[in-house]
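Down below is the structure, laid out as structure tokens.
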Amino acid sequence: MFVFWWQGRGILTLLIVVAAAIVIGMIADSAHLPSWTPLFWAALLLVAAPINWLVGARLNAKRRGFAPPATLLRRFFYRAPHKFMSLPMESWSILMVIAAVGLALQSALIR
């Protein structure tokens, strides 16, 4: 069983990943490519990450204000109004890219 929690419109992070899975899955099936492999998940996360970043950054822009954050850590961990699992929406995009790179490396090293 999975437990997800969100604040504000943070659920959009999960919905963006699900929508990317549907689109990438349809493309893989129509092109007769193998789906649900590590490379499939890497492509899915690399598609979802920039979309999630743009949506999350736009939704949380008012909370950050116009002043640039003092540190990189404050850029990714702040009191955002739209969070998914206690992290601002756009912070999940970094985790998606890290996971995608890991999955691509795993797929390359297994072969």
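All but one of (1) farther than 24 Å from Ala108 by Cα; (2) at pLDDT 95 or above; (3) out of contact with any Ser or Thr (no Cβ under 7 Å at 6 or more places or on another chain) hold for Lys62; which doesn't?
With respect to (1) farther than 24 Å from Ala108 by Cα; (2) at pLDDT 95 or above; (3) out of contact with any Ser or Thr (no Cβ under 7 Å at 6 or more places or on another chain), Lys62 is out only on (2).
Against the definition (crowded, with 18+ Cβ neighbours inside 10 Å, free of Cβ contacts under 8 Å to residues at least 40 places away in the same chain, out of contact with any strand residue (DSSP E or B) (no Cβ under 9 Å at 6 or more places or on another chain) and within 23 Å of Trp6 (Cβ to Cβ)), how does Val55 come out, yes or no? Working first, answer last.
Working: crowded, with 18+ Cβ neighbours inside 10 Å: yes; free of Cβ contacts under 8 Å to residues at least 40 places away in the same chain: no; out of contact with any strand residue (DSSP E or B) (no Cβ under 9 Å at 6 or more places or on another chain): yes; within 23 Å of Trp6 (Cβ to Cβ): yes.
Spelling it out, it is not the case that Val55 is crowded, with 18+ Cβ neighbours inside 10 Å, free of Cβ contacts under 8 Å to residues at least 40 places away in the same chain, out of contact with any strand residue (DSSP E or B) (no Cβ under 9 Å at 6 or more places or on another chain) and within 23 Å of Trp6 (Cβ to Cβ).
Of the conditions (1) aliphatic (A, V, I, L, M); (2) over 20 Å from Met85 (Cβ atoms); (3) modelled with pLDDT of 95 or more, Ala28 fails just one. Which one is it?
Every listed condition holds for Ala28 apart from (3).
Are any of the residues in the range 35-43 at pLDDT 90 or above, touching a Leu at 6+ places or on another chain (Cβ under 7 Å), part of a loop (DSSP other than H, G, I, E, B) and surrounded by 12 or more Cβ atoms within 10 Å (Cβ to Cβ)?
Scanning the range 35-43, I find no residue that is at pLDDT 90 or above, touching a Leu at 6+ places or on another chain (Cβ under 7 Å), part of a loop (DSSP other than H, G, I, E, B) and surrounded by 12 or more Cβ atoms within 10 Å (Cβ to Cβ), so the answer is no.
Anything in the range 67-110 that is in a loop (DSSP other than H, G, I, E, B) and surrounded by fewer than 17 Cβ atoms within 10 Å (Cβ to Cβ)? List them, or say none.
Looking only at the range 67-110, we keep the residues that are in a loop (DSSP other than H, G, I, E, B), and these are 67-71, 77-82, 85-86, 89-90.
Correct list: Ala67, Pro68, Pro69, Ala70, Thr71, Phe77, Tyr78, Arg79, Pro81, Met85, Ser86.
The values are calculated or read from the model by the stated rules, or taken from the named source; none is laboratory data. Since the structure is predicted, the reported quantities are computational estimates derived from the model, not experimental observations. Quick reminder, even Gly has a Cβ in these numbers, built from the backbone with ideal geometry, and neighbours come from all protein chains shown.
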